[in-house]
Amino acid sequence: MKKEVQEKIVQLQTMEAQLNNLLMQRQTFQSQLYEVENALIEMGDASETYRVVGQVMVATDKPKLESDLKNKKKLLETRSNSLEKEETGLKERFEKLQAEVMKEIENEKSAKK
């Protein structure tokens, strides 16, 4: 196999690892987003709100907590969307490079016959 093809295969493996990393990051953000959305729903009618600080729950101002959660939600949505776009672009480059490698391998097989 040509050195160029081997280098492209290594590049594909690197891209695959990057895709897996992006997917894990996005899943983490999605999980955090789910928790924030649930917290906002749960505190809807609550008269008292608390925030966990270390291992202690501390009473906190409801409007302040609601504002903090909404800001966190917005940030998580932005990060998740950004990662999704990055993932899409990387997938497209991966598929293009994979097609090139497959074509080169097929050409090498045909040349040997």
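Laboratory data are not the source of any read-out in this text; all were calculated from the coordinates shown. On a predicted model such as this, the values are computed, not experimentally measured, just so you know. Counting neighbours? That spans all protein chains shown, and the Cβs are built from the backbone with ideal geometry, glycine included.
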* Asked: What are the principal axis extents of the Cα atoms in the chain, in Å, biggest first?
  -> 79, 24, 15
* Net charge contributed by nearby residues that have their C-beta within less than 14 Å of residue 67 (K/R +1, D/E -1) -> +4
* Asked: Remind me, what semi-axes does segment 1-55 give for its equivalent ellipsoid, largest first in whole Å, using sqrt of 5 times each Cα gyration tensor eigenvalue?
  -> 47, 11, 4
* Would you mind calculating the gained length between residue 1 and residue 58 on full extension (0.36 nm times residue separation, minus the Cα-Cα distance), in nm to one decimal? => 14.1 nm
* To do: For every other residue with a beta carbon closer than 12 angstrom to the beta carbon of residue 7, add +1 if it is Lys or Arg and -1 if Asp or Glu, then tell me the sum.
  => 0
* So what is the calculated 222 nm ellipticity per residue for the chain, using -39500 (n - 2.57) for each DSSP H run with n of 4 or more, over all residues, to the nearest 500 deg cm²/dmol? -> -30000 deg cm²/dmol
* **Top positive-direction residue, dipole computed over the chain with Cβ charges, set 76, 9, 36** => 9
* Structure fact -> Nearest-0.05 FRET efficiency for residue 110 and residue 38 at R0 = 41 Å, using Cβ-Cβ distance, is 0.10
* Where does the charge balance sit around residue 36 when Lys and Arg score +1, Asp and Glu -1, over other residues with C-beta under 14 Å from its C-beta? -> 0
* **Between helix 62-112 and the chain: long-axis angle, C-alpha atoms, 0 to 90°, nearest 10** => 10 degrees
* Structure fact -> Counting sequence-distant residues (5 or more places) and residues on other chains, those with an amide H built under 5 Å from that of residue 50 are 60
* Degrees, to the nearest 10: 3-42 long Cα axis against longest axis of the chain -> 20 degrees
